[in-house]
Amino acid sequence: MELAHSPEEEEFRARLRAWLAEVLPTLPPKPSPGDWPARRAYDLGWQRMLYDAGYAGLHWPVDAGGRGATPTQHLIFLEETEKAGAPYVGANFVGLLHAGPTIAAEGTPGQRARWLPPVLRGEEVWCQGFSEPDAGSDLASLRTRAWRDGDTYVVSGSKIWTSHAEVADWCELLVRTDPSAPKHRGITWLAMPMDAPGVTVRPLRTLAGSNEFAEVFLDEVRVPVANRVGAENDGWRVTMVTLSFERGTAFVGEVVACRRLLRELARAAYDSGRWDDAPLRRRLGRLNAEFRALWRLTQWNVSEAERTGGVPGVGGSVFKLRYSHARQELFDTAAEVLGTGSLDLDHPWVLDRLSSLSYTIAAGTSQIQWNIVAERILGLPKGR
Amino acid sequence: MRFQLTDEQEALRAGVRALLARRFGPDALRAAVGRPGVLDRALWRELGAAGLFALRLPEAEGGAGGGLPEAVLAFEEAGRALLPGPLVATHLAAGEVAGAASGETVVTDVSGGLVEWLAQADVVRGDASGAVPVRSVDPLTPLHRAAKAARGATPAPDPVAVLLTAAEQLGGAARTCELAVAYARTREQFGRPIGAFQAVKHLCAQSLVRVETARAAVYAAAVTADRLDIATARLLADEAAVRGARDCLQVHGGMGFTWESEVHLFLKRAWVRTHRAGLNTYGDDTLAEDLLSGTA
Ligand SMILES: Cc1cc2nc3c(=O)[nH]c(=O)nc-3n(C[C@H](O)[C@H](O)[C@H](O)COP(=O)(O)OP(=O)(O)OC[C@H]3O[C@@H](n4cnc5c(N)ncnc54)[C@H](O)[C@@H]3O)c2cc1C
């Protein structure tokens, strides 16, 4: 057991730091949170800078255009970019972390050549069209239908909670191609162009007042059969490849950011005299332990991925559970420090507190994660 | 970075687990409960011979030349097995008190205003004069309360004692999670194993989440020996052990409330350990103060 980095890893970190110090001052000003086209341009611009410097697709396999970096290098990358205040992955999230890795793992050479380079170069944005009004936790019950018509699928139905749908070029879409098969067996994975006729995007307002996700209505949208990744009716398995990427190192930058915020909170409590409040101070101390431990758990999981050479496994569920609840506790504590200031939407912590409420819902609710841990790790009997 | 057990560490853990399964299995545990206050000196010497106390002594001094990670893994196993005795105090005395390393001498200490196993110890470190016996909540940990004067003068806790205690808590927590899962798979109600019910499933899953998070914290503290890492490890391991035992008890229903089931022994030992080296409010404050310091 060791936590020290190898000389190669330290060299990687040093080069990255030097590069960040050079390029971050050249970034354009951050766009306003409500201006989605500007946010898209900003996020793609950052991705392009990463690409030009050789940091795009760091953790992707080399034959998919990635850098084939080790999980530890990826961890260092996420840690250092966050510490330096670099932009988040933002609108590139689905392309880099869901759709891209799925195509890299399951796509044909032609599909990889068509879709992966634009993601790495920061030219195309993807969104994820999985959830439906009647298929959330029970994703496999999805009902959006696709019929075969020669070389195309004709798709009708609706998706919901689709993040970044308004600014996406492509949607990784799950559709039902065989309604008579058991629910997991009749699903197909398609890459759908968002500008295809019949696609209607209607933004949804989140409780934080922002338009982060949308409803997507599909009315006889024609998608070429060539856009199918994996075999027809094999989409569930293809999707599981994607979902396992959704957990694991996905929160590294956020944990680093939470630890910095915790220091700011303590400082604010000190400056306002609240530091003498022993229960509040103790709550802050416990949060320090919590986020230190989450950082160690990240290092443990990354080392495990490196050892097994594998995709992040169900261990990611353990992390996601602990982290999403810790994040909510962090912002609830921030509210305690702010006092009545916690009711003022102009304070950035207040918006962050609101958005932290999605963490126990998005990408599998906590209840579903507990089921996964109980059934797949602990081997308890499957429920319905 | 390779924050995983090495092959040697895996082997060490397996070795300690096998030794304890052979020498301190469920029957021995029950027998120990039936003979309260008596420490099995033959077992103690075997633990010494196996190197539990001398683990971190240099090989030249008859030790195993191990580090904190090795000690943590061994104490995690001790915690799993609910091994009784002043293990941490004796381990810390190895190389300083004659016979401690080999298991000939049983060493206890004054820690957190309490003395564990005073009547059975050959050597007491700290001032135990005037200590009065307590009717201990844990049948496997006889306790004395130190005299008031000695309590007031408690020195700062030894960080290694805190870390090894956290390792024991981690082992206990992992074991109660396993016991809860094993029971949930076999006990049937309403025609199904109770583990098929989500209310039970989620208790078990939450136990595991606490164990795995505490494990990362405890192992990291063993690697760095950093004061704040140790405080973190302690906080998380105490929580995992106490809540894990509570949830395990709940999963066992009426059986969990019996003397006969071993579940209560895990809970009571976890309680005792939370008081060792002073209550963990010490850790909360240390970790809070750290937030105001300059370094990230
Ligand atoms: C901010 C945000 C962004 C999102 N982005 C996307 C996206 O880009 N693309 C996409 O496809 N989806 C996205 N989602 C959708 C997300 O994956 C779903 O919201 C989530 O899977 C839950 O589904 P649901 O909302 O239908 O809730 P439901 O499944 O209806 O759940 C409601 C409640 O019932 C509980 N529940 C349901 N089933 C069980 C069970 N078996 N056992 C115990 N409890 C149960 C849940 O835990 C929850 O508390 C996003 C969601 C959010 C909040």
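Among the aspartates and glutamates, which fall within straight-line cross-link reach of B:K148, defined as a Cα-Cα distance under 18 Å, with same-chain neighbours fewer than 8 residues apart omitted?
Correct list for B:K148: B:D109, B:E116, B:D127.
Which value results for Rg/Rh of the range B:159-293 when Rg is the Cα radius of gyration and Rh the Kirkwood radius based on the inverse mean 1/r?
Working: Rg = 16.2 Å, Rh = 15.4 Å.
We get a ratio of 1.05 for the range B:159-293.
Calculate, for A:D271 and A:E8, the FRET efficiency according to 1/(1 + (r/R0)^6) with r their C-beta to C-beta distance and R0 30 Å; round to the nearest 0.05. Don't skip to the end; give the middle numbers.
Working: r = 43 Å, r/R0 = 1.42.
Taking R0 as 30 Å, the efficiency between A:D271 and A:E8 is 0.10.
Take the Cα radius of gyration of chain B and divide it by 2.2 N^0.38 Å, with N its residue count; two decimals is plenty.
Values: Rg = 19.0 Å, N = 296, 2.2 N^0.38 = 19.1 Å.
Expressed relative to 2.2 N^0.38 Å, the Cα Rg reads 0.99.
GNM, chain A, Cα, under 10 Å: largest mean-square fluctuation among A:T26, A:T152, A:T200?
Taking springs between Cα atoms under 10 Å, the residue moving most is A:T26.
For a quick check, take a GNM of chain A with Cα springs below 10 Å and name the residue from A:W60, A:W36, A:W126 with the largest mean-square fluctuation.
A:W36
Pairs of alpha-carbon atoms within less than 8 angstrom and 6+ residues apart define the contacts here; what relative contact order does the range A:127-233 have, in percent?
Across the range A:127-233, relative contact order equals 31 percent.
Quickly rank A:89-97, B:168-176, B:76-84 as a protection proxy: mean count of other C-beta atoms within 10 Å, highest first. Don't skip to the end; give the middle numbers.
Working: A:89-97: 23.0, B:168-176: 28.6, B:76-84: 25.1.
Output ranking for A:89-97, B:168-176, B:76-84: B:168-176, B:76-84, A:89-97.
Listed here are the pairs A:K83/B:K268; A:K83/A:K382; A:K83/B:K201; A:K83/A:K159; A:K183/B:K201; which of them are more than 32 Å apart at the Cα? The partial results should precede the final answer.
Numbers: A:K83/B:K268 43 Å; A:K83/A:K382 42 Å; A:K83/B:K201 38 Å; A:K83/A:K159 36 Å; A:K183/B:K201 24 Å.
Among A:K83/B:K268; A:K83/A:K382; A:K83/B:K201; A:K83/A:K159; A:K183/B:K201, the Cα-Cα distance tops 32 Å for A:K83/B:K268; A:K83/A:K382; A:K83/B:K201; A:K83/A:K159.
What are the principal axis extents of the Cα atoms in the range B:41-113, in Å, biggest first?
Extents along the principal axes: 33, 26, 24 Å.
I'd like the orientation of helix A:36-52 relative to chain A: the angle between its Cα long axis and the longest Cα principal axis, in ° from 0 to 90, rounded to 10.
Approximately 90 degrees, to the nearest 10.
P(r) tail for the range A:127-233, what percent of Cα pairs lie past 25 Å? Spell out each step's value before the answer.
Values: 860 of 5671 pairs.
That tail contains 15 percent of the Cα-Cα pairs.
Do any trypsin sites (Lys or Arg not before Pro) in the range A:205-292 lie in a DSSP loop with no more than 12 other beta carbon atoms within 10 Å, and if so, which?
On the way: sites: A:R205, A:R222, A:R228, A:R237, A:R247, A:R259, A:R260, A:R263, A:R267, A:R274, A:R281, A:R282, A:R283, A:R286, A:R292; in loops: A:R205, A:R247.
Here the trypsin sites (Lys or Arg not before Pro) that fit, given the DSSP loop and packing criteria, are A:R205.
Round to the nearest 10 and give me the degree value, 0 to 90, for the angle of helix B:198-224's Cα axis relative to the longest principal axis of chain B.
Long axis of B:198-224 versus the principal axis of chain B: about 20 degrees.
For the range A:323-384 and the range A:89-123, write down the distance between their C-alpha centroids in whole Å.
29
Taking only the Cα atoms of the range B:1-132, how large is their convex hull per residue, in Å³? Spell out each step's value before the answer.
Values: hull volume 15.8 nm³, N = 132.
Hull volume normalised by residue count: 119 Å³.
What FRET efficiency comes out for the pair B:W271/B:R145, r = Cβ-Cβ distance, R0 = 22 Å, nearest 0.05? Walk me through the numbers before you get to the answer.
Details: r = 15 Å, r/R0 = 0.69.
Between B:W271 and B:R145 the formula returns 0.90.
Can you give the Kirkwood hydrodynamic radius of the range A:34-167 from its Cα pairs, in Å with one decimal? Write down the numbers at each step before the final one.
Numbers: mean 1/r = 0.0607 Å⁻¹.
It is 16.5 Å.
Efficiency by 1/(1 + (r/R0)^6): what FRET value for A:S156 and B:R30, r their Cβ-Cβ distance, R0 = 60 Å, to the nearest 0.05?
On the way: r = 66 Å, r/R0 = 1.11.
E(calc), rounded to 0.05, equals 0.35.
Express the relative contact order of the range A:251-377 as a whole percentage, based on alpha carbon pairs under 8 Å and six or more residues apart in sequence.
Working: 91 pairs, mean separation 32.5, N = 127.
RCO, the range A:251-377: 26 percent.
With just the Cα atoms defining each centre, how far is the range B:159-181 from the range A:200-245? Give it in Å.
For the range B:159-181 versus the range A:200-245, the Cα centre distance is 44 Å.
So what's the angle, to the nearest 10 degrees on a 0 to 90 scale, between helix B:159-186 and the longest Cα principal axis of chain B?
Taking Cα atoms only, the helix is inclined about 20 degrees.
Please report the Cα spread of chain A along all three principal axes, rounded to whole Å, starting with the longest.
Principal extents (largest minus smallest coordinate, Cα): 72, 46, 44 Å.
Please work out the Cα center distance from the range A:1-75 to the range B:1-54, rounded to the nearest Å.
One Cα centre to the other: 48 Å.
So what is the relative contact order of chain A, in percent, for Cα pairs below 8 Å that sit 6 or more residues apart? Mind showing how you got there, number by number?
Details: 600 pairs, mean separation 48.4, N = 384.
Once normalised by length, the contact order is 13 percent.
May I ask for the percentage of alpha-carbon pairs in the range A:7-88 that lie more than 20 Å from each other? Write down the numbers at each step before the final one.
Working: 1184 of 3321 pairs.
Pairs farther apart than 20 Å: 36 percent.
Translational diffusion coefficient of the range A:251-377 at 10 °C, 1.306 mPa s, Stokes-Einstein with Kirkwood Rh over Cα pairs, in µm²/s as a whole number. Please list the in-between numbers first.
Details: Rh = 15.8 Å.
Taking Rh from Cα pairs, D becomes 101 µm²/s.
Report the label-to-label distance for A:S137 and A:R202 in nanometres (one decimal), using points 7 Å from each Cα along the Cα→Cβ vector.
2.6
With springs connecting C-alpha atoms under 10 Å apart, model chain A as a Gaussian network and identify which of A:V255, A:V23, A:V119 has the largest mean-square fluctuation.
Checking each option, the largest mean-square fluctuation is seen for A:V23.
Can you give the mean number of other chain Cβ atoms that lie within 10 Å of the Cβ atoms in peptide B:203-211?
Per-residue shielding by partner chains comes out at 6.
Divide, for the protein assembly as shown, the radius of gyration over alpha carbons by 2.2 N^0.38 Å, where N is the residue count. Spell out each step's value before the answer.
Numbers: Rg = 27.9 Å, N = 680, 2.2 N^0.38 = 26.2 Å.
After normalising by residue count via 2.2 N^0.38 Å, the value is 1.06.
If each DSSP helix of 4+ residues adds -39,500 (n - 2.57) and the sum is divided by the residues in chain A, what number results at 222 nm, nearest 500 deg cm²/dmol? Mind dumping the intermediate values first?
Values: 11 runs with 169 residues, N = 384.
Theoretical 222 nm ellipticity from helices: -14500 deg cm²/dmol.
Taking K and R as +1 and D and E as -1, what net charge do the other residues with C-beta under 15 Å from the C-beta of A:P279 add up to?
Numbers: positive: A:R274, A:R281, A:R282, A:R283, A:R286; negative: A:D276, A:D277, A:E329, A:D332, A:E336, B:D284, B:D285.
Summing Lys and Arg as +1 and Asp and Glu as -1 gives -2.
For every helix of n ≥ 4 consecutive DSSP H residues, a contribution of -39,500 (n - 2.57) applies; sum these over chain B, divide by its total residues, and give [θ] at 222 nm rounded to the nearest 500 deg cm²/dmol. Please list the in-between numbers first.
Details: 12 runs with 171 residues, N = 296.
Mean residue ellipticity at 222 nm (helix-derived): -18500 deg cm²/dmol.
Here, each number is a calculation from the coordinates, and none is a lab measurement. Since the structure is predicted, the reported quantities are computational estimates derived from the model, not experimental observations. With ideal geometry, Cβ positions are generated from the backbone for all residues, glycine too; neighbour counts draw on all protein chains shown.
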